[in-house]
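Since the structure comes first, as structure tokens, the remarks are kept for the end.
The values are calculated or read from the model by the stated rules, or taken from the named source; none is laboratory data. These numbers were taken from a predicted model, which means no experiment stands behind them. Every residue, glycine as well, gets a Cβ built from its backbone with ideal geometry; the counts of neighbours run over all protein chains shown.
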Amino acid sequence: MRRLIAANWKMNKTVKETEEYIKKFLKFVEHPESREILICPPFTSLYVASQLLQGTGVKLGAQNCHYEKGGAYTGEISIPMLQELGCEYVIVGHSERRHIFGETDELIHKKIVACLEMGMRPILCVGEKREEREARMTFKVIETQIKLALAGVEEHIDKIDIAYEPVWAIGTGTPATPENAVEVHTFIRNLLNELNPNNEGKTRILYGGSVKPDNAKEFMKYDAIGGLLVGTASLDPESFSKIVYSF
């Protein structure tokens, strides 16, 4: 399975800015088939992004979704709506969704189940806060998040990706060391093998947390790191292209 390099733009870029970005980015990406590249713009830019990425090999994803196919959920976006726009991935349980918007493990579980039922590949985000790390609770926190998110759907672990994003590193400019990341990734891999011994390593484990062009190569030296989830550094097309080709 190819390693995945995903851009999470968060609440950035208008439709016009998205169009400008993708046209520039595609000039830097000559052989996307050698790795899997994913761009996750805000909802308002998904349509124009879908049109521009069609046939390029660069995939489209969303930053969030609702677990119902439709209904009285003001302000929410359903998985079928995203699929109609060409989205193949959706980020689920990002730390900002958990800690700013109060998303619970129960809600995240519902979204994971919905993605699997509707054929969308989720990127499940897990990670510990600084105080949890200092209390040496990293593994316990991550184990709890993964087990609750995947409860009852362990047989489908091969249809998801997991992003380890230490909350204390996101947007701070201070990432975990590659060695720290490998330690956690190895723990996650072992946990997934316990949950489903037949997984066969089909779940990629990404690192996310202040990844930049000047440190991406250090992370990607390790086989345990199956890709990167990039935030701020993905907002510039040249910067993101350097990360894409950092390995």
- State all residues of the stretch 15-44 that are farther than 28 Å from E96 by Cα and assigned to a helix (DSSP H, G or I); if no residue qualifies, say none. K23, K24, L26, K27, F28, P32, E33, S34
- Apart from one, (1) surrounded by 17 or more Cβ atoms within 10 Å (Cβ to Cβ); (2) at pLDDT below 95 all hold for I188; the odd one out is (2)
- Does F247 meet the test of being more than 24 Å from E117 (Cα to Cα), at pLDDT below 95 and not polar (S, T, N, Q)? yes
- Enumerate the pairs (first residue in the stretch 1-23 and crowded, with 19+ Cβ neighbours inside 10 Å; second residue anywhere and among the basic types (K, R)) with beta-carbon separation below 8 Å, excluding pairs fewer than 6 apart on the same chain, so at least 6 apart or on different chains. L4/R35; L4/R204; I5/R35; Y21/K13
- Name the residue, out of Y67, Y73, Y47, that is of a type in the set (F, W, Y), in a loop (DSSP other than H, G, I, E, B) and in contact (Cβ under 8 Å) with a residue 12 or more places away in the chain. Y67
- Task: For residues that are in contact (Cβ under 8 Å) with a residue 24 or more places away in the chain and either part of a helix (DSSP H, G or I) or crowded, with 16+ Cβ neighbours inside 10 Å (or both), scanning just the stretch 191-203, find the one that is nearest to the chain's Cα centre (by Cα).
- Result: T203
- Item | Single condition I142 does not satisfy, out of (1) outside any helix (DSSP H, G or I); (2) surrounded by 21 or more Cβ atoms within 10 Å (Cβ to Cβ); (3) not polar (S, T, N, Q) | (1)
- Mind listing just one residue for me: the one in the stretch 49-75 that is surrounded by 17 or more Cβ atoms within 10 Å (Cβ to Cβ) and in contact with a helix residue (DSSP H, G or I) (Cβ under 6 Å, 6 or more places away or on another chain) and, of those, farthest from E103 (Cα to Cα)? L52
- Task: Please work out which residue is nearest to E88 (Cα to Cα), limiting yourself to the stretch 28-42 and to residues that are of a type in the set (D, E, K, R) and free of Cβ contacts under 8 Å to residues at least 40 places away in the same chain.
- Result: E33
- How many residues does the stretch 204-232 contain that are free of Cβ contacts under 8 Å to residues at least 40 places away in the same chain, part of a helix (DSSP H, G or I) and surrounded by fewer than 20 Cβ atoms within 10 Å (Cβ to Cβ)? 1
- Does the stretch 216-234 include one or more residues that are at pLDDT 95 or above, basic (K, R) and within 18 Å of the chain's Cα centre (by Cα)? no
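Listed here are the residues, each with its yes/no results for (1) in contact with a Leu (Cβ under 6 Å, 6 or more places away or on another chain); (2) more than 22 Å from G55 (Cα to Cα); (3) modelled with pLDDT of 95 or more.
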position	(1), (2), (3)
G75	no, yes, yes
C87	yes, no, yes
K110	no, yes, yes
G119	no, no, yes
I123	no, yes, yes
- Message: Need the failing condition index for F101 against (1) surrounded by fewer than 18 Cβ atoms within 10 Å (Cβ to Cβ); (2) assigned to a helix (DSSP H, G or I), just the number.
- Response: (2)
- Message: Regarding the stretch 119-127, can at least one residue be identified that is assigned to a helix (DSSP H, G or I), buried (at least 17 other Cβ atoms within 10 Å of the Cβ) and touching a helix residue (DSSP H, G or I) at 6+ places or on another chain (Cβ under 6 Å)?
- Response: no
